[in-house]
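Student: Handing you this structure, nothing more for now.
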Amino acid sequence: MQSLTQNLSFLSPLFSQVSESPEPKKIQLKSSFFKNPIFFTSHKSVHSPDKPISTGVFPKNSIFFTSPKCYHNPDKPISRNPRNSSVSCITAHEIPLQPLTVPEKVHCLACEFKSLPEPIDRVKRLLHYATLLPPFDESGRVEENRVKGCTTMVWLQVEMDGNRLMRYKVDSDSEITKGFCSCLIWLFDGAIPEEVLSVKTDDLAEMNVGMPSKGHSRVNTWHNILISIQKKTKNFVEVKDKDRSLTEFPPLVGSTDGFSVYGNYKEAQYMQESRQAGNEVEGPT
Amino acid sequence: MMASTTMESAFLKIPSFGFVNPNIATSKLVSRSSVSLRFGFHFRSCAISSASAAEPASASSPSSVVNDSEKLGPGSLGHITRPDFPILHQAVNGSKLVYLDNAATSQKPTAVLEAIQNYYESYNSNVHRGIHYLSARATDEYELARQKVANFINASESREIVFTRNATEAINLVAYSWGLTNLRPEDEIVLTIAEHHSNIVPWQLVAQKTGANLKFLELTEDEVPDVGKLKEMLSKKTKLVAVHHVSNMLASVLPVDEIASWAHDVGAKVLVDACQSVPHMVVDVKKLGLDFLVASSHKMCGPTGIGLLYGKSDLLNAMPPFLGGGEMIADVFLDHSTYAEPPSRFEAGTPAIAEAIGLGATIDYLSGIGMERIHDYEVELANYLYNSLRSVPNIRIYGPDPSRVFKRAALCSFNVEDVHPTDVATFLDQRHGVAVRSGHHCAQPLHRYLGINASARASLHFYNTKEDVDDFIRALTDTISFFTSFK
């Protein structure tokens with residue numbers, strides 16, 4: 001049985017970060033949206049050590065305290081497919097030990113929204129998460145950051161940090177869309193690119209508010225923002241991979257003297273092609 | 001090749017009835033009284049209550065805000081026709097459905113649904129090609145539908161009606177067929193900034209190909225297209241004036257008969273987008289003097305997948321084909337082909353037969369009610385909607401204030417202060433089962449001109465009732481209260 005003091009990163013939709021301390025901290029959450037404050041212990045997320053605890057809004061009767069929750073069973077292999085996830089639903093006092101992967105987070109979020117009895121409850125939950133979205137710099141509200149195809153205005157900024165982890169900032173002029181964005185940020189911020197790219201729109205269908213259709217229409221905000229996130233992530237990956245291939249993994253050049261590492265790929269390719277053409281080229285033979 | 005028009009002689013012109021007979025889908029035609037749609041005049045509506053007469057709203061009883069008209073009470077057209085529309089009788093998200101998105105698409109009466117089902121059950125067959133019984137019957141019904149459309153808008157003959165997939169395709173047909181043939185560099189096409197995208201983008205594409213220029217009419221302070229300036233924009237360079245009849249966002253009505261007259265004075269043609277007028281009022285293409293008119297079946301209680309292009313015979317006869325294929329040809333050789341006469345020339349391939357027959361049944365249904373009766377009722381409902389909505393605090397309604405000069409269609413685009421329209425529409429749907437539209441309504445230039453990104457829109461049809469409006473206002477008030485307290 002895991003203790004409540006350990007990894008609560010799956011609760012991070014409720015607060016942007018939790019701080020680490022040797023002893024678990026007790027955090028009182030006050031809600032303007034729900035009336036009863038809640039006490040619980042917190043744990044630092046491995047991905048974002050520097051952000052302070054956010055006093056998020058958390059309903060006392062929320063799924064995380066009265067209904068099954070998600071956890072990762074370390075005895076089971078982690079599956080990248082959220083449908084085959086090793087994440088199961090547990091009772092309130094069983095706590096995960098390890099940080100959740102993106103597929104596991106998707107599964108958790110799907111569980112949460114699926115458990116909400118009424119469609120209006122999902123709307124309210126999204127509005128709650130909208131309040132947790134970090135502020136977005138006004139300078140980022142430019143056309144190049146706009147997510148195309150949405151009926152609301154959505155701005156998205158994507159970066160890759162030094163650890164090759166993806167960082168996202170997003171904002172919208174619609175509160176419900178902000179709620180969508182908040183959930184997506186929780187899913188993807190600090191994740192590796194491959195995990196971000198592995199998520200499909202259908203994986204998020206359970207969280208859709210008022211949109212039973214999984215179609216790619218302009219009101220399907222999940223789809224549009226997810227596609228934008230993935231496109232920009234892919235661009236970062238391609239640029240980084242290209243740089244890495246040229247500098248981190250110099251090609252082996254085969255010659256009569258054996259194999260040796262020499263220069264970059266293009267240079268080696270040029271040398272090989274030139275020699276095959278019968279030209280004299282400097283470098284390993 | 002189009003079948004002979006023997007069906008035309010089989011029609012009997014029957015006066016419209018004052019009651020609805022929804023279960024009969026016969027070839028009933030309406031002898032149309034000559035009702036002018038001259039801008040600001042000749043409407044048979046009651047006096048519209050002015051803004052100064054409106055009382056402050058009460059959230060619990062919006063009906064107390066405005067004077068109830070007897071026409072909106074029990075026994076109104078909306079109450080009578082609602083049973084004909086099975087889709088309206090359901091719950092959505094735990095609440096009774098209140099469908100107020102008719103400008104996007106209308107609902108279909110049982111008579112239309114049965115006509116389509118009957119086609120597929122009884123005589124489905126390809127048209128114009130076979131000689132067997134089923135094909136002959138399908139062809140007759142298809143061409144009968146064409147004749148019904150022609151009569152509905154008072155075209156001279158059924159050959160002036162081309163079936164398309166929708167109004168958008170109809171405009172593209174004119175743009176690519178008439179436009180590419182007749183437009184030269186420096187020629188001008190006059191539009192308004194309030195046009196639907198379907199009446200802007202095709203002209204942009206054709207203008208790029210031909211070197212023609214687009215000119216856009218802006219709005220007055222009353223938020224209607226500045227018709228006064230339109231006349232000044234016309235010149236010998238003007239080759240086409242393409243405008244809406246009723247704005248899907250502003251609810252304003254243009255005097256298209258006057259516009260047509262001005263356009264013809266400078267030698268220009270006129271195309272009218274009648275998507276928001278044909279379903280709601282009498283439209284007489286001859287009286288209005290139009291060269292082209294487009295409309296969509298699905299906005300007038302007909303099936304999706306079919307629309308209509310009206311074009312004067314001489315214009316259609318001179319136009320080259322738009323799409324190539326079967327049906328639109330006379331003879332096909334390896335190196336060239338010759339083409340059929342209109343309308344077949346513009347109906348390549350197997351048409352939407354069931355949909356055309358469904359549209360015919362739609363016209364029967366609407367004619368059974370009477371378009372004047374529909375229009376009169378919707379004018380009352382439009383005023384009730386506008387005045388009820390205006391009584392809600394922090395609401396901005398777009399388009400003109402209704403008055404003796406400015407008549408509004410039965411729709412209101414609006415914004416709630418500090419609440420995104422998509423949030424409003426989502427809450428209305430999820431909490432109250434009220435269906436409205438949010439977004440730019442395919443009118444981005446208009447939204448940009450008004451300085452907004454999006455708006456919400458409630459749009460009515462003759463099967464809506466005063467109670468629908470009351471439910472909407474109550475739901476909207478609750479929605480605003482929710483978001484206000486949330487913030």
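Student: Scan the helices (runs of 4 or more DSSP H) fully inside segment B:343-462 and keep the ones with 1 or more residues being over 30 Å from B:Ala115 (Cα atoms), within 12 Å of chain A (Cβ to nearest Cβ) and under 23 Å from the mean Cα position of the chain (by Cα).
Tutor: Details: elements: B:353-369, B:371-390, B:421-432, B:444-450.
In segment B:343-462, the matching helices (runs of 4 or more DSSP H) lie at B:421-432, B:444-450.
Student: If you don't mind, there's one more thing I want to ask. Among the residues of segment A:138-151, which ones are touching a residue at least 12 places away in the same chain (Cβ under 8 Å) and either more than 14 Å from every other protein chain (Cβ to nearest Cβ) or outside any loop (DSSP other than H, G, I, E, B) (or both)? Before the answer, list the steps.
Tutor: Filtering segment A:138-151 down to residues touching a residue at least 12 places away in the same chain (Cβ under 8 Å) leaves A:140-142, A:145, A:147-151.
Scanning segment A:138-151 gives A:Gly140, A:Val142, A:Asn145.
Student: In segment B:131-140, what residues are touching a residue at least 60 places away in the same chain (Cβ under 8 Å) and open to solvent by 60 Å² or more (accessible area, probe 1.4 Å)?
Tutor: B:Asp140
Student: Restricting to segment B:284-320, what's the tally of residues that are surrounded by fewer than 20 Cβ atoms within 10 Å (Cβ to Cβ) and within 13 Å of B:Thr164 (Cβ to Cβ)?
Tutor: 2
Student: Name the residues in segment B:331-348 that are over 12 Å from B:Pro321 (Cβ atoms) and either buried (at least 21 other Cβ atoms within 10 Å of the Cβ) or not charged (D, E, K, R) (or both), would you?
Tutor: Initially, segment B:331-348 is screened for residues over 12 Å from B:Pro321 (Cβ atoms), giving B:331-336.
Selection gives B:Val332, B:Phe333, B:Leu334, B:His336.
Yes/no matrix, rows are residues, columns are (1) out of contact with any Lys or Arg (no Cβ under 9 Å at 6 or more places or on another chain); (2) among the β-branched types (Val, Ile, Thr); (3) not assigned by the TED database to the domain that holds B:Trp203:
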| site | (1), (2), (3) |
| --- | --- |
| B:Val241 | no, yes, no |
| B:His244 | yes, no, no |
| B:Pro255 | no, no, no |
| B:Ile259 | no, yes, no |
| B:Ala268 | no, no, no |
| B:Val272 | yes, yes, no |
| B:Leu290 | no, no, no |
| B:Cys301 | no, no, no |
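Student: Is it fair to say A:Lys200 is in contact with a Phe, Trp or Tyr (Cβ under 7 Å, 6 or more places away or on another chain), more than 19 Å from B:Asp418 (Cα to Cα), away from every other protein chain (no Cβ under 14 Å) and surrounded by fewer than 20 Cβ atoms within 10 Å (Cβ to Cβ)? Give the derivation first.
Tutor: Values: in contact with a Phe, Trp or Tyr (Cβ under 7 Å, 6 or more places away or on another chain): no; more than 19 Å from B:Asp418 (Cα to Cα): yes; away from every other protein chain (no Cβ under 14 Å): yes; surrounded by fewer than 20 Cβ atoms within 10 Å (Cβ to Cβ): yes.
No.
Every residue, every condition in (1) open to solvent by 30 Å² or more (accessible area, probe 1.4 Å); (2) touching a strand residue (DSSP E or B) at 6+ places or on another chain (Cβ under 7 Å), yes or no:
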{"position": "A:Gln98", "(1), (2)": "yes, yes"}
{"position": "A:Phe113", "(1), (2)": "no, no"}
{"position": "A:Ile120", "(1), (2)": "no, no"}
{"position": "A:Leu132", "(1), (2)": "no, no"}
{"position": "A:Glu138", "(1), (2)": "yes, no"}
{"position": "A:Arg146", "(1), (2)": "yes, yes"}
{"position": "A:Gly149", "(1), (2)": "yes, no"}
{"position": "A:Trp155", "(1), (2)": "no, yes"}
{"position": "A:Glu159", "(1), (2)": "yes, yes"}
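Student: For the structure I just gave you, tell me whether B:Arg474 is in contact (Cβ under 8 Å) with a residue 40 or more places away in the chain, open to solvent by 40 Å² or more (accessible area, probe 1.4 Å), more than 11 Å from chain A (Cβ to nearest Cβ) and within 30 Å of B:Arg82 (Cα to Cα).
Tutor: Values: in contact (Cβ under 8 Å) with a residue 40 or more places away in the chain: yes; open to solvent by 40 Å² or more (accessible area, probe 1.4 Å): yes; more than 11 Å from chain A (Cβ to nearest Cβ): yes; within 30 Å of B:Arg82 (Cα to Cα): yes.
Spelling it out, B:Arg474 is indeed in contact (Cβ under 8 Å) with a residue 40 or more places away in the chain, open to solvent by 40 Å² or more (accessible area, probe 1.4 Å), more than 11 Å from chain A (Cβ to nearest Cβ) and within 30 Å of B:Arg82 (Cα to Cα).
Student: Looking at (1) modelled with pLDDT of 95 or more; (2) within 14 Å of chain A (Cβ to nearest Cβ); (3) more than 22 Å from B:Glu218 (Cβ to Cβ), can you tell me which one B:Val469 breaks?
Tutor: Answer for B:Val469: the failing condition is (2).
Student: Between a first residue in segment A:110-121 that is within 14 Å of another protein chain (Cβ to nearest Cβ) and within 19 Å of A:Asp202 (Cα to Cα) and a second residue that is assigned to a helix (DSSP H, G or I) and open to solvent by 40 Å² or more (accessible area, probe 1.4 Å), which pairs have beta carbons less than 6 Å apart while being 6 or more apart in sequence or on different chains?
Tutor: So the pair list comes out as A:Phe113/A:Arg122; A:Phe113/A:Glu206; A:Leu116/A:Arg122.
Student: Oh, and also: Tell me, yes or no, whether segment B:281-293 has at least one residue that is in contact with a helix residue (DSSP H, G or I) (Cβ under 7 Å, 6 or more places away or on another chain) and part of a strand (DSSP E or B).
Tutor: yes
Student: Where residues in segment A:165-180 are more than 13 Å from every other protein chain (Cβ to nearest Cβ) and out of contact with any helix residue (DSSP H, G or I) (no Cβ under 6 Å at 6 or more places or on another chain), which of them is most open to solvent (accessible area, probe 1.4 Å)?
Tutor: Initial filter on segment A:165-180 (more than 13 Å from every other protein chain (Cβ to nearest Cβ)): A:165-170.
Narrowing further to those that are out of contact with any helix residue (DSSP H, G or I) (no Cβ under 6 Å at 6 or more places or on another chain): A:165, A:167, A:169.
Working: A:Leu165: 28, A:Arg167: 56, A:Lys169: 117 Å².
Out of the qualifying residues, it is A:Lys169.
The values are calculated or read from the model by the stated rules, or taken from the named source; none is laboratory data. Every value quoted in this text rests on a predicted model; they were computed, and no experiment measured them. So basically every Cβ, Gly included, is an ideal-geometry build from the backbone, and we count neighbours across all protein chains shown. Side chains are part of the model used for accessible areas, which takes the heavy atoms of the whole protein and leaves out ligands, DNA and RNA. Shrake-Rupley method; radii C 1.70, N 1.55, O 1.52, S 1.80 Å.
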